[in-house]
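The values are calculated or read from the model by the stated rules, or taken from the named source; none is laboratory data. Given the structure is predicted, the values throughout are model-derived calculations rather than measurements. As a convention, Cβ positions derive from the backbone with ideal geometry for all residues, glycine included, and neighbour counts pool all protein chains shown.
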Amino acid sequence: MTIARSHTDGPMARRTAAGIFAALALLGSLGLSTAARAQSAASEGEKIAFDRSKGNCLTCHEIKGGTLAGSIGPALTDIKSKYPDRNELIAIVTDETKRNPQTVMPPFGRNHILTDKEISAVVDFLQTL
Amino acid sequence: MRLVPGSVLGSTFGIVVAALLMGAAHSAPASDTPNPAADAKAFQKFFTDKFPKVKFEDFVNGPYSMDEGLYQQWKEKEEFPPYEFALDMGKELFAKPFKNGKTFADCFPNKGIGIRQNYPTFDEKQGKVVTLELAVNQCLESNGEKPYSYTKDEMAAVTAYMAFTSRGKPFDIKIPNDPRALAAYENGKRYFYTRRGQLNFSCASCHVQSPGEHIRAEVLAPALGILNAMPIYRSEWGGMGTTSRRFTSCNSQVRGVPLKPQDDEYRDLEYYLSYVSNGLPISGPGARP
């Protein structure tokens, strides 16, 4: 992900909009390291999402890059365009029963299956899908 | 069909599940009059509507009823059934006299042959639900023998044999006119629909809301007919397992703490699940992936 791209589309951009102007002012070097950090958070998030003792999201969702996926939930594709607001994804992963009391998706935040930090990383990963 | 975000109760699916859930929730504080016969009818209709192509008797085949490819594999497996060994052992144990000279046949109606479809039964003398597994151990103990472990080995073998002699007979679970029997049924129903464990699943999350779906590589069995094939051989277990074994492993799966085998709640749960499958044939012992 480059600064230029995230500036034009996606929620990450909005979240860090203020930071981006600062980054632009400081030119490429700092901007790149921000991007690199976002990427490492996303790959950390992928690890958490796939880990059977952590998110184990593949139990229910098909996700690019994962194997032996279940079909209980919808395939996680086009997440970024479907949920441009990052907070919405945080809310879904934290406690989907708030949106849908009948859902079978575990409340990862409410039941402390994942920490806030881990959920944030998972959401960074979701935004790459 | 799955719940679609944004249309929580908008789908018929949502409505039916909600109705099943509400039923459970309402009956707990005894607001609605419990009506097991109506429950069973609604329960069966939910599954036959959801899977119009599955023949009624085929619901007893668990995951195999949900998936064509698996169904084929199962037909092939049945040619050399992996539970054969347990069946032979069960037949032998069943006939073998106890130290006092009696046998299992002396403990059961019709000498224990062709009666699996009547269990669990509500025993008015004991004031509780008696499952076949519990009855087997009560028989052993009342004859001065050591009870079996509930989860596998001898217990799986003896119940496999007893199920085999009842194959094709429809579940015929009775709820006698005794408030304690009705309370046990209601308790089992409540257990079935209550979410638990860190992952917040109820039994219904998997076996009512998601049958036929893959959970990783496994295909979820529908709750209708889910006990008719017990006990089962599972390749994953590398052997046989009883209803007790299946209940405790499903509880552990959701990072919940399983109850002790044959705990009151598990027996009530088995009573509820068997009752709502009344009319479906016994098919045990079963073989599973």
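A few comments on the model shown:
- Filter result (within 14 Å of another protein chain (Cβ to nearest Cβ) and of a type in the set (A, V, I, L, M)) within the stretch B:149-199: B:L199
- Test: residue in the stretch B:56-73 that is in contact with a strand residue (DSSP E or B) (Cβ under 8 Å, 6 or more places away or on another chain), small (G, A, S) and assigned to a helix (DSSP H, G or I): yes
- Scanning the stretch B:239-269 for residues that are assigned to a helix (DSSP H, G or I) and among the polar types (S, T, N, Q) returns B:T243, B:S244, B:T248, B:S249, B:N251, B:S252, B:Q253.
- Any hit, the stretch B:135-154, residues being among the β-branched types (V, I, T), modelled with pLDDT of 95 or more and surrounded by 23 or more Cβ atoms within 10 Å (Cβ to Cβ): yes
- Within the stretch B:268-283, being in contact with a Lys or Arg (Cβ under 7 Å, 6 or more places away or on another chain) and under 21 Å from B:F201 (Cβ atoms) holds for one residue alone: B:Y272.
- Count of residues meeting criterion [in contact with a Leu (Cβ under 6 Å, 6 or more places away or on another chain) and more than 19 Å from B:Q44 (Cα to Cα)] in the stretch B:170-190: 0
- Applying the set (1) β-branched (V, I, T); (2) away from every other protein chain (no Cβ under 14 Å); (3) over 12 Å from the mean Cα position of the chain (by Cα) to A:T128 leaves exactly one unmet item: (3).
- Members of the stretch B:42-72 that are surrounded by 13 or more Cβ atoms within 10 Å (Cβ to Cβ), farther than 15 Å from B:V208 by Cα and not hydroxyl-bearing (S, T, Y): B:V54, B:F56, B:E57, B:D58, B:N61, B:D67, B:L70
- Being without any contact (Cβ under 8 Å) to a residue 40 or more places away in the chain and under 18 Å from B:R167 (Cα atoms) holds for only one residue in B:N61, B:N118, B:N110, and it is B:N110.
- Checking B:S202 against (1) in contact with a helix residue (DSSP H, G or I) (Cβ under 6 Å, 6 or more places away or on another chain); (2) more than 14 Å from chain A (Cβ to nearest Cβ); (3) within 25 Å of A:V104 (Cβ to Cβ), the condition it does not meet: (2)
- In the stretch B:232-264, of all residues being of a type in the set (V, I, T) and more than 15 Å from B:T131 (Cβ to Cβ), the one that is modelled with the highest pLDDT corresponds to B:I232.
- Just so you know, in the stretch A:63-115 the residues that are among the hydroxyl-bearing types (S, T, Y) and in a loop (DSSP other than H, G, I, E, B) include one that is nearest to the other protein chains (Cβ to nearest Cβ), and it is A:S71.
- Which numbered condition A:D116 fails, given (1) in contact (Cβ under 8 Å) with a residue 60 or more places away in the chain; (2) surrounded by fewer than 19 Cβ atoms within 10 Å (Cβ to Cβ): (1)
- Single match in A:A42, A:A35 (criterion: in a helix (DSSP H, G or I) and modelled with pLDDT of 90 or more): A:A42
- Candidate set: the stretch B:48-70, residues that are among the aromatic types (F, W, Y) and closer than 25 Å to B:T159 by Cβ; chosen: the one modelled with the lowest pLDDT: B:Y64
- Checked against the criterion of being of a type in the set (A, V, I, L, M, F, W, C), crowded, with 23+ Cβ neighbours inside 10 Å and away from chain A (no Cβ under 14 Å), the stretch B:208-216 has no qualifying residue.
- Answer residue from the stretch B:237-262, given it is charged (D, E, K, R) and farther than 25 Å from B:E57 by Cα and is nearest to the other protein chains (Cβ to nearest Cβ) among those: B:R255
- Filter result (in contact (Cβ under 8 Å) with a residue 40 or more places away in the chain and under 17 Å from the mean Cα position of the chain (by Cα)) within the stretch B:127-156: B:V129, B:V130, B:T131, B:E133, B:L134, B:Y150, B:T151, B:K152, B:M155, B:A156
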